[in-house]
1. If you average the alpha carbon positions of the stretch 140-156 and of the stretch 59-95, how far apart do those two centres end up, in angstrom?
2. Would you mind working out the accessible area per residue for the chain, using a 1.4 Å probe, and quoting it in Å²?
3. Can you give the accessible area of D256, probe radius 1.4 Å, in Å² rounded to 10?
4. Could you identify which residue out of L105, L177, L48 has the top mean-square fluctuation in a GNM of the chain using Cα springs shorter than 10 Å?
5. What length, rounded to one decimal in nm, is gained on full extension from H192 through to D168, with 0.36 nm per residue of separation minus their alpha-carbon distance?
6. Can you pull the one-decimal nm distance between simple spin-label points at D265 and E94, each 7 Å off the Cα toward Cβ?
7. Using 1/(1 + (r/R0)^6) with R0 = 35 angstrom and r between the beta carbons of K223 and D152, what's the FRET efficiency to the nearest 0.05?
8. Tell me, what HN-Hα J-couplings in whole Hz come from the Karplus equation 6.51 cos²θ - 1.76 cosθ + 1.60 at θ = phi - 60° for each residue of the stretch 43-56, using x for Gly and Pro?
Amino acid sequence: MKISIQGLNKIYKNGNRALRDINLEIENGMFGLLGPNGAGKSSLMRILVTLMKPTTGSIRVNDLDLQKHRKDVRGFLGYLPQDFAFFSKLKTWEFLDYAANLAGLRRRVERKVAIEDMLENVGLYEVRDRMANKLSGGMKRRLGIAQALIGDPKIVVVDEPTTGLDPDERIRFRNLLSKMSQRDIIIILSTHIVGDISSTCSSMALLNQGEVVYHGPPDQIIKEAEGNVWQINATNAEFESIKEKFHVISTIPDNDGWEVQVVADKIDGFSGKPITPNLEHGYVYFMEYKVDQLKSLTL
Ligand code: ADP
C-alpha cells in the first residue's frame, strides 16, 4: 500500500488554517503523526478517512484518487476516532459483529470466524459476553481497534490512541498495534504523546501549526539532538535559573540539590555532561530550535 499526499491545504469556514501545503508519502507499516494540540493532526486524519474534504490538494491511495473514489477507498479503510463511543445495548462480540457487517462481511459464518480471531488477537475473548460499555478503559480502546481492524482493512487510522490509558494498558495497546502492523497494512497513529511513537513506528512526520516540519525515521530526530541534551547537577539556587533559561525535561532530587535534564545547544555557566538523547529529547530539540531555524530560512 502507498498513500501519496500532495499540496494539501485545509482552511475552515471561519478562516482557521489547519493544514498548509502538506506533502507526504506513507508506505506499509506503522506511521506516526506527532504534533502538539492544534497542529492539524485530526484535520489531516479526517480528510484521510474521507469524513472531510481538503480545501485544495490531493491524496492518492495506490492508484486511486481519494476524492474521486471515496467509496472504494472506504472499503479498505478502518478508523478509530479519538472520541469513540459504544452503543449501550450490545455485548462485546455483538458490537464486533455489527462492525464486521459494516466492513462488508455479509455471511454469518465468515463473520463468526473473523470475530473469534479478532477477539483472541486483542485479548478480549474472555470478556466476549460482557456488555461493551461495561469494559474497562483499556479494553474499550482494544475493542475500538478491533472494530477498526475487522474485515482486513489495508489502511487503519488511529487518533490519539492512548489518551486516558494507564501505563500498562498503554504498553499493551502499543504492542497490539505493532503486532498488527506486520501485515500488508498501513497503520497511521496520530498522537501528541511522544512515547506512542518511539518504540513502534518505522517512519513519522512532525506537524506544527499545520505544516510538516519533519518527515523520516524517528532515529533521525534523535540523532539531530545529539550533543544538545545535558545532565546538570544543580543547587536549589541554580535550579531556579536553569528553569528560566532552558527547556527542562526531568528533575530528580539528589543529596544537596537536583539532577536536571535539559535540552539546550549550550549550557554556559553551568557544569553538566551531555547525555544520549531519546525521542522525547529529540522532539523538544526539534520544536524549540529547528522549527525556529526552518522558519527563519523560509521568511
Ligand atoms: P490537532 O488534532 O493536532 O489538535 P486539529 O486538526 O484539531 O489539530 O486543529 C488544527 C487547527 O484547526 C486548530 O487551530 C483548530 O482550532 C482548527 N480547527 C479544527 N477543527 C475546526 C473546525 N471544525 N472549525 C474551525 N477550526 C477548526
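1. That distance is 9 Å.
2. 51
3. 130
4. Greatest mean-square fluctuation among the candidates belongs to L105.
5. 6.8 nm
6. Reported label-point gap for D265 and E94 is 6.2 nm.
7. Rounded to the nearest 0.05, the efficiency is 0.45.
8. For the stretch 43-56, the Karplus curve yields 4, 4, 5, 5, 5, 4, 8, 6, 7, 8, 9, x, 6, 9 Hz.
The values are calculated or read from the model by the stated rules, or taken from the named source; none is laboratory data. This structure is a prediction, so every number in the text was calculated from the model and none was measured. Glycine gets a Cβ as well: all are built from the backbone with ideal geometry, and neighbour counts include every protein chain shown. When the accessible area is computed, the model is the full protein with side chains, heavy atoms only, and any ligands, DNA or RNA have been set aside. Shrake-Rupley method; radii C 1.70, N 1.55, O 1.52, S 1.80 Å.
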